[in-house]
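Visitor: Okay, here's the structure, questions in a sec.
The values are calculated or read from the model by the stated rules, or taken from the named source; none is laboratory data. If you're wondering where the values come from, they're calculated on a predicted model, not measured in any experiment. Cβ: placed from backbone, ideal geometry, glycine included. Neighbour counts: every protein chain shown. All accessible areas refer to the heavy atoms of the entire protein, side chains included, with ligands and DNA or RNA removed. Shrake-Rupley method; radii C 1.70, N 1.55, O 1.52, S 1.80 Å.
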Amino acid sequence: MSRSAFLSSVVAPLAMIMLACAVGPRYRRPEIRTDASFTNADAAQFAQAETSINWWTIFNDPQLAQLIHDAAAANHDLRIAAANLREARALLLEARYDYYPTVTASGAYERQRFSKASALGRDRDRDLFSTGFDATWELDLFGRVSRSVQARKAEVEAAQASLDNVLISIFAEVARNYFELRGAQDRLAVAGRNAQNQSDTYKLTVNLLNGGRGNDLDTSRAKAQLESTEASIPTLQTSVEQIIYRLSVLTGRQPPALKAALSPPAALPNLPATIAIGNPADLLRRRPDIRLAERNLAAATARVGIATADLYPRITFVGSIGVEANQFPDLFRSGSDTYAFGPHITWAAFDLGRVKARLKASRAEADVELAVFERTVLDALEETDGALIAYSKELARLAHLAAAEESSRKAADLAKNRFETGGIGDFLTVLDAQRSTLLAQDELSQSKARAATLLVAIFKALGGGWEQQ
């Protein structure tokens, strides 16, 4: 039998016995009543089926899936959270050892010189060799040890929930930045195409001016619009570079590491027709931040029990066994043995004011954690409903922007053709149509990226993804 299995088989029954007489409040998980469905779950895009665990796979984008896999393996925030979990587990193991006697070994050598008064005619100098074992064991009559173990166990579960929560946040952050990258690259392509069209228009005005059919006003206006569009390109290029750097760091790499892989533009993935969102009850069970808040509350409640146990006497059995001699060879001869054994009782009888103050503080801490838990539940519901409505409305906006972009592009083509062929209409109409086309295409590109990032926000709010580890 392994050491951990042995400890579990012995400690678990002992802990149940000790908890039966432990003082302080007994923890019960708070019950939260929720509606049967989310407030904004009636949109056509949503279904009340169980949400996907590996939600990023619905985008069918191998590059996104690889980035999330890399982040799960190398992200530094995840490493920190995992180390915190290991620390909490080690502290729980240490707390469980308090169920058993603490045995230590010791050995010492002393060279002593007594005063003439205390020597009483004997040799003033003396050597003393000693070795032996000391043991202490607290009798957990009022549950101080068992409550400590209970608190440590809740802290382990809280650390696990914190790790899961970081995992969800990292996955969402990777996906959000990835979609923003593709959106920025699309906006860059839109600006490039419009700059080319405007450059052609500017060249047309120059040719017309040289041929005696144009004027300086049209040429200057065309030149100004071209320069304005080209001025937006460096800003978009900067955004692309910065997002690539961010994705590199999220996956545990140096900032330029992903530049070669992510610089080639790629289209935003298609959005799914429907999204499974489950219901609020599923959300409360799934979200790690709610589990984290609930486990923190459990740990705080256990610490109230620890503080309550300090109101009562603490009984500790203390024992020692060993050998002592004036010369090292005599350590193991007859008569060198020594031992001591007996109970020690300590009680803060004249310091109960401090104990009661600590008890009040621990109760206040539990009240804080309860409020944090209830607030976390409400924040989760608010976040989810807000994400659902934002995504639904953005899809409606996206449809209108697509129609506006198509009409603007058609109007720009007509205006330019009419001006080129017969000089019908003034040149200002051409410039205004091209400006409207650029604005419509840019807004459409931004809306596509925003819809994708809002969908990521929904999956983050739903709390899925941590189960894949």
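Visitor: Considering only residues that are closer than 16 Å to Ile277 by Cβ and hydroxyl-bearing (Ser, Thr, Tyr), which ones fall in the stretch 38-87?
Guide: Result: Thr39, Thr51, Ser52.
Visitor: Considering only helices (runs of 4 or more DSSP H) fully contained in the stretch 1-105, which possess at least 1 residues that are modelled with pLDDT of 90 or more, open to solvent by 80 Å² or more (accessible area, probe 1.4 Å) and not charged (D, E, K, R)?
Guide: Values: elements: 3-20, 62-74, 76-96.
Per the criteria, 62-74, 76-96.
Visitor: Could you list, in sequence order, the residues of the stretch 250-284 that are in a helix (DSSP H, G or I), open to solvent by 30 Å² or more (accessible area, probe 1.4 Å) and touching a residue at least 24 places away in the same chain (Cβ under 8 Å)?
Guide: The initial filter retains those residues of the stretch 250-284 that are in a helix (DSSP H, G or I), namely 250, 255-262, 280-284.
Right, trim to open to solvent by 30 Å² or more (accessible area, probe 1.4 Å) and you get 255-257, 259-261, 281.
Ala261, Ala281 - these are the residues of the stretch 250-284 that are in a helix (DSSP H, G or I), open to solvent by 30 Å² or more (accessible area, probe 1.4 Å) and touching a residue at least 24 places away in the same chain (Cβ under 8 Å).
Visitor: Residue check: is Val323 in a helix (DSSP H, G or I), of a type in the set (A, V, I, L, M) and surrounded by 14 or more Cβ atoms within 10 Å (Cβ to Cβ)? I'd like the intermediate steps shown before the answer.
Guide: Working: in a helix (DSSP H, G or I): no; of a type in the set (A, V, I, L, M): yes; surrounded by 14 or more Cβ atoms within 10 Å (Cβ to Cβ): yes.
Judged against the criteria, Val323 is not a match.
Visitor: Does Ala299 satisfy being of a type in the set (Gly, Ala, Ser) and either in contact with a Ser or Thr (Cβ under 9 Å, 6 or more places away or on another chain) or open to solvent by 50 Å² or more (accessible area, probe 1.4 Å) (or both)?
Guide: Values: of a type in the set (Gly, Ala, Ser): yes; either in contact with a Ser or Thr (Cβ under 9 Å, 6 or more places away or on another chain) or open to solvent by 50 Å² or more (accessible area, probe 1.4 Å) (or both): no.
Spelling it out, it is not the case that Ala299 is of a type in the set (Gly, Ala, Ser) and either in contact with a Ser or Thr (Cβ under 9 Å, 6 or more places away or on another chain) or open to solvent by 50 Å² or more (accessible area, probe 1.4 Å) (or both).
Visitor: Could you check how many residues of the stretch 195-243 are open to solvent by 30 Å² or more (accessible area, probe 1.4 Å) and either touching a His at 6+ places or on another chain (Cβ under 8 Å) or acidic (Asp, Glu) (or both)?
Guide: Residues meeting the conditions: 5.
Visitor: Which one of Lys356, Lys393 is within 30 Å of Arg295 (Cβ to Cβ) and either acidic (Asp, Glu) or surrounded by fewer than 17 Cβ atoms within 10 Å (Cβ to Cβ) (or both)? So that I can check it myself, show each step before the final result.
Guide: Values: Lys393 fails: within 30 Å of Arg295 (Cβ to Cβ).
Unique residue meeting the criteria: Lys356.
Visitor: Here are some residues: Leu370, Leu444. Which one is at pLDDT 90 or above, open to solvent by less than 40 Å² (accessible area, probe 1.4 Å) and assigned to a helix (DSSP H, G or I)?
Guide: Numbers: Leu370 fails: open to solvent by less than 40 Å² (accessible area, probe 1.4 Å).
Testing whether each residue is at pLDDT 90 or above, open to solvent by less than 40 Å² (accessible area, probe 1.4 Å) and assigned to a helix (DSSP H, G or I) leaves just Leu444.
Visitor: Evaluate the following for Ile306: is it outside any loop (DSSP other than H, G, I, E, B), surrounded by 11 or more Cβ atoms within 10 Å (Cβ to Cβ) and touching a residue at least 24 places away in the same chain (Cβ under 8 Å)?
Guide: On the way: outside any loop (DSSP other than H, G, I, E, B): yes; surrounded by 11 or more Cβ atoms within 10 Å (Cβ to Cβ): yes; touching a residue at least 24 places away in the same chain (Cβ under 8 Å): yes.
Criteria met by Ile306.
Visitor: Restricting to the stretch 334-349, count the residues that are open to solvent by 100 Å² or more (accessible area, probe 1.4 Å) and assigned to a loop (DSSP other than H, G, I, E, B).
Guide: 2
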